[in-house]
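Let me begin by presenting the structure, written as structure tokens, before commenting on it.
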Ligand code: FAD
Ligand code: DLZ
Ligand code: SF4
């Protein structure tokens, strides 16, 4: 009996469980470019182009390997427009009554598959190192789900950077050697770039025609779109950037968008690279003496620690997670997130590079756009939708915990033990943005005061009840309490005036 094997746009791995359990001689692979997936949020055109191009190339590879593949292009006249619609159409066409799928990375699509009137077997996505069961077992009975302890278990499980049962270098975490401020000069020229081939060019034309009105610049397009290219990009990173990755992980520069970051998240999340091959390459470089331990450990921690941990939280917490709003924030996302003019250099530069590259690195996402949204009290659901739309690596399983949890504290503190808020001083320490800003980072009040400085105290003041007892925030409240009453009043009224101007659509 023929079955349909569903392969989604972020499941482009030879080792995908649905493919591993399929029968090449009898089963038929089904892949489809559909409007539902391309527009449930208004994805950045670069992200849509990346997904479609990588899907087309993966389908071609499967065919070369002897699979029978039914591939629907977006503009095909009989395209049903959704994954369930395409499954039903192809089932009727082929007579297949059963479907084998690997679990999608989003509750929305899991539910849609469950609701499809076909017999669909949903297999675990074993491209991740931690299964749902493993994460549940780890989480059971713990008061706090801290990433650091999960990460140690993942090191033991994978054997990465272990010497027997001890961590290499006798420490689990070398972060105190990391987080240097922005360097004067960056020696790395950025991620490897690829010239679009015929398949990519065709997709670029399609995306331009159909999604050209989405936020984001489509061309130039230099992303890898198959595993071979993605592996070359990884090798390039390991050789040229990883040695400095740890040191400058948190630094930001207005004229350098990538610093020493890997820029591999779209490839990893779509399945072109696997977490273990990436981490093994980093460990090998360290063992060969080419990369310092703080860089290799810090990098591997992001992948087997943070990445697996946030996925665990997403599936543990359930479908309502993205709509949580523990701080009751309700302000609309200001137009500057969509490219409207702002005098704040840090926001302006982070949004501009997001618009052009569909990429910003972790600290820009957390401490610039995320920090501002949290301080200003923006509705976390709008923030969530923004991040899900604008980044080329955004899928809900990874985006929502990072945004709703880590960045906006909207899950009430499951991921973050305290909110990631800071005044302008942090941004000034870690970047060169403030040097060219209209606002003065050292100024706490007055017309030129950095908005982060004003909003920081406004946030702490309005959430006093929730956070003043938090041991990690005591110092902040003591500093606020030591300020004299009239200064406090000035700070709060200027912060409120800034928010009012922003709400009225004025440029800030
Ligand atoms: P590097 O800095 O070089 O790190 C290497 C790899 O580690 C990344 O490719 C990624 O796979 C992994 N990684 C690092 N941090 C995290 C993390 N917190 N969660 C999961 N994986 C991590 N990452 C996404 O993949 N998709 C998202 O939609 C996403 N949204 C984010 C939203 C916010 C508010 C924040 C603070 C972080 C978000 N991240 C997201 C995590 C991180 O910013 C990106 O993974 C990273 O910037 C990707 O670029 P890179 O490959 O150059 O990463
Ligand atoms: C992101 C994306 C886009 C833009 N388009 C498609 C598509 O047309 N067909 C498809 O199978 N997958 C696409 N994807 C990826 C899915 O949205 C992704 O599988 C879910 O969000 C679950 O992670
Ligand atoms: Fe951003 Fe404030 Fe620095 Fe301007 S002064 S770049 S607003 S932190």
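Extension gain for the segment residue 235 to residue 197, taken as residue separation times 0.36 nm less the Cα-Cα distance, is 11.6 nm to one decimal.
Global dimensions of region 231-339 from alpha-carbon coordinates: Rg and Dmax equal 17.3, 52 Å. Based on the Kirkwood approach, the hydrodynamic radius assigned to region 395-488 is 14.9 Å, with every pair of different Cα atoms included.
Per the Debye calculation on the chain with a single equal scatterer at every Cα and no solvent contribution, log₁₀ I(q)/I(0) for q = 0.12 Å⁻¹ amounts to -1.18. Please work out, to two decimal places, the log10 of the ratio I(q)/I(0) at q = 0.17, 0.18, 0.19, 0.21 Å⁻¹ from a Debye calculation in which every Cα of region 3-123 carries one identical scatterer. Debye output, listed in q order: -0.82, -0.93, -1.05, -1.33. Across region 345-386, the volume of the C-alpha convex hull divided among the residues equals 64 Å³ per residue. Give me the distance between the Cα centres of region 1-78 and region 430-455, rounded to whole Å. Taking the Cα centre of each part, region 1-78 and region 430-455 sit 48 Å apart. Using the Kirkwood radius built from alpha carbon pairs, what does the Stokes-Einstein equation give as D for region 335-503 at 10 °C and 1.306 mPa s, in µm² per second? Translational D for this selection: 97 µm²/s. Ranked by how many other Cβ atoms sit within 10 Å of their own Cβ, fewest first, the residues 445, 158 fall in the order 445, 158. For the chain, the longest principal axis of the alpha carbon atoms and the long axis of helix 147-158 meet at an angle near 30°.
Taking Cα atoms only, the orientation of helix 227-240 departs from the longest principal axis of the chain by about 30 degrees. With a simple spin-label model that places each label point 7 Å from the Cα along the Cα-to-Cβ direction, the separation between residue 343 and residue 157 comes to 5.0 nm. If you take the Cα centroid of region 344-414 and the Cα centroid of region 113-142, the two points sit 26 Å apart. Peptides 234-246, 112-124, ordered by how many other C-beta atoms sit within 10 Å of their residues on average, highest first, read 234-246, 112-124.
Give, to the nearest whole percent, the P(r) tail of region 16-75 beyond 14 angstrom, counting all Cα pairs.
Working: 1062 of 1770 pairs.
It works out to 60 percent of all Cα pairs.
For the chain, the mean residue ellipticity at 222 nm estimated from helices alone is -13000 deg cm²/dmol, where every DSSP H run of n ≥ 4 contributes -39500 (n - 2.57) and the total is divided by all residues, rounded to the nearest 500. If you wrap the Cα atoms of region 46-198 in a convex hull and average its projected area over all directions, you get 16.1 nm².
Computed from Cα atoms, the angle from the helix 380-390 axis to the main principal axis of the chain rounds to 50 degrees.
Values quoted throughout were computed directly from the atomic coordinates according to the rules given, and no laboratory measurement underlies them. These numbers were taken from a predicted model, which means no experiment stands behind them. Heads up, the Cβs are rebuilt from the backbone with ideal geometry, glycines too, and the neighbour counts pull from every protein chain shown.
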